[in-house]
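Sending over a structure as structure tokens; questions will come in a sec.
Each reported figure results from applying straightforward, stated rules to the coordinates on display, with no laboratory input. None of the values given here were measured: they were computed from a predicted structure. Here the Cβ positions follow ideal geometry from the backbone for every residue, glycine too, while neighbour counts run over all protein chains shown.
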């Protein structure tokens, strides 16, 4: 009996760790619930219930013994699609039975502690390129390409740097969009840039909460009303922070 | 010529968004291609009908259906393919215009623009819902191999 209880707790730990990594990396709520359920059922716990919100997961397993419930708190969320893909493949391996509980727990712990993101330089370079390209896509002229690239790249860099010092995400987004607005304004004043609007729109795109918006909608339509609404609120706050940062530049200069 | 420039820039933009979102390296090119296809649908339809809402809807359905098929094929989560492709469709430019008009106390123009932003965001949402339905219908219609 005691052995069995311990085993159930171990299985729940694997499920919760997988769920935690996925939720922190920006996966959709229904995918997190689905993955946890699949892992549990392939380890032999057929009846499970999970309640996933962006800030925490409650997971309970039913069986012959009394129902056991565990709670895990999620305090920080970012976007890391690679981790989502890795956890997904581990859950596939568990379902097909190629790895056992111990191996799964080890691999998940490894993923959890790894930092898989691209180096900061690559990220900034990508943001730089993307800003320039977005400016062209929104019908800007090629003569604004370089200014949009510079302000977009520096804006993203300042977002990352501010975020390291200030843990409040909305404030660093506000500051980053302020930097973008200021730089674009300076470029236009110097005569390097031509259309202020296009430069700002192009460079702000790297901060836009596109992932949050799509996830919020997907959650809402899958019936996860609480997490859909809270993700929507987060997206709205982010959009508001960006808008306010630009508005400060536009209205005071 | 203009279309060629749009194609290249949308490919690079969505691909580099994949890097910002830390998508796995081997999916970056596919992300870029999906983004390019979606943007092509949007650009052509928007130029032809002059209706951004319809164009956004069509492009979203295109991206979402395609990325669900790709996700099934490569056995990866859908989100990896769809997210980067949807980013260009987000009405950032219009939202900026609306914000700017609010700040400049031109509330009438600003409200009109804000309504349009809501319409486009809603059409992205509806496109996602619609493609999910299409996918479930496809899944039900195709006989299961067992």
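Quick one: angle between helix B:107-141 and the longest Cα principal axis of chain B, in degrees between 0 and 90, rounded to 10, please.
Helix B:107-141 sits roughly 10 degrees off the main axis of chain B.
To continue, here is another question. If a/c stays under 1.5 just call it rounded; otherwise compare a/b with b/c (prolate if a/b is bigger, oblate if not). Do that for segment A:176-238, with a ≥ b ≥ c from the square roots of the Cα gyration tensor eigenvalues. Walk me through the numbers on the way to the answer.
On the way: a/c = 6.09, a/b = 3.61, b/c = 1.69.
Prolate, because a/c is 1.5 or more and a/b exceeds b/c.
Hey, what's the per residue convex hull volume over the C-alpha atoms of chain B, in cubic angstrom?
Numbers: hull volume 18.4 nm³, N = 146.
Expressed per residue, the convex hull around the Cα atoms of chain B is 126 Å³.
For chain A, what does the helix formula give at 222 nm: sum of -39500 (n - 2.57) over DSSP H segments with n ≥ 4, over the residue count, nearest 500 deg cm²/dmol? Walk me through the numbers before you get to the answer.
Details: 10 runs with 176 residues, N = 253.
It lands at -23500 deg cm²/dmol.
Counting only helical runs of four or more DSSP H residues, what would the 222 nm mean residue ellipticity of chain B come to if each run contributes -39,500 (n - 2.57) and the total is spread over all its residues? Write down the numbers at each step before the final one.
Numbers: 6 runs with 120 residues, N = 146.
Estimated from H runs of four or more residues: -28500 deg cm²/dmol.
For the pair residue A:106 and residue A:51, how long in nm is the line joining their label points, each one 7 Å along Cα→Cβ?
3.6
For chain A, count the residues as N, evaluate 2.2 N^0.38 Å, and divide the Cα radius of gyration by that value, please.
Numbers: Rg = 22.1 Å, N = 253, 2.2 N^0.38 = 18.0 Å.
This ratio for chain A stands at 1.23.
Something else now. How high is the FRET efficiency from residue A:170 to residue B:118, r the C-beta distance, R0 22 Å, rounded to 0.05?
Numbers: r = 21 Å, r/R0 = 0.97.
Efficiency at R0 = 22 Å is approximately 0.55.
Taking 0.36 nm per residue of separation and subtracting the Cα-Cα distance, what length does fully extending residue A:99 through residue A:71 add?
Details: separation 28, 0.36 × 28 = 10.08 nm, distance 2.52 nm.
Result: 7.6 nm gained on full extension.
Can you give the convex hull volume per residue for the Cα atoms of segment A:120-252, as a whole number of Å³? Working shown, then result.
On the way: hull volume 14.8 nm³, N = 133.
With only Cα atoms used, segment A:120-252 gives 111 Å³ per residue.
Another question about this same structure. Mind giving me the nanometre distance, one decimal, between the label points for residue A:7 and residue A:41, set 7 Å out from Cα along Cα→Cβ?
Label-label distance for residue A:7 and residue A:41, simple model: 2.0 nm.
With each label point set 7 Å from Cα along the Cα-Cβ vector, what nm distance links residue B:106 and residue B:4?
Going from the residue B:106 label point to the residue B:4 one covers 3.7 nm.
What Kirkwood radius, in Å to one decimal, follows from the Cα pairs of segment A:2-113? Intermediate results must be reported in sequence, preceding the final value.
Numbers: mean 1/r = 0.0725 Å⁻¹.
Computed over Cα pairs of segment A:2-113, the Kirkwood hydrodynamic radius comes out at 13.8 Å.
How do B:74-80, A:34-40, A:203-209, A:125-131 rank on mean C-beta neighbours within 10 Å, highest first? Intermediate results must be reported in sequence, preceding the final value.
Numbers: B:74-80: 20.4, A:34-40: 22.0, A:203-209: 26.6, A:125-131: 24.9.
Final packing ranking: A:203-209, A:125-131, A:34-40, B:74-80.
Report the FRET efficiency, 1/(1 + (r/R0)^6), for residue A:225 and residue A:186, where r is their Cβ-Cβ distance and R0 is 41 Å, rounded to 0.05. Present the calculation step by step, with values, prior to reporting the outcome.
Numbers: r = 45 Å, r/R0 = 1.10.
Computed FRET efficiency for residue A:225 and residue A:186 comes out at 0.35.
Okay, moving on. Once both axes come from the Cα atoms, what is the angle between helix A:2-24 and the longest principal axis of chain A, in degrees from 0 to 90, rounded to 10?
10
Does anyone have the angle between helix B:92-103 and the longest principal axis of chain B? Alpha-carbon axes, 0 to 90°, nearest 10?
30
Extension gain residue B:137-residue B:51, at 0.36 nm per residue separation less the Cα-Cα distance, in nm? Walk me through the intermediate numbers first.
On the way: separation 86, 0.36 × 86 = 30.96 nm, distance 2.82 nm.
Stretched fully, the residue B:137-residue B:51 segment lengthens by 28.1 nm.
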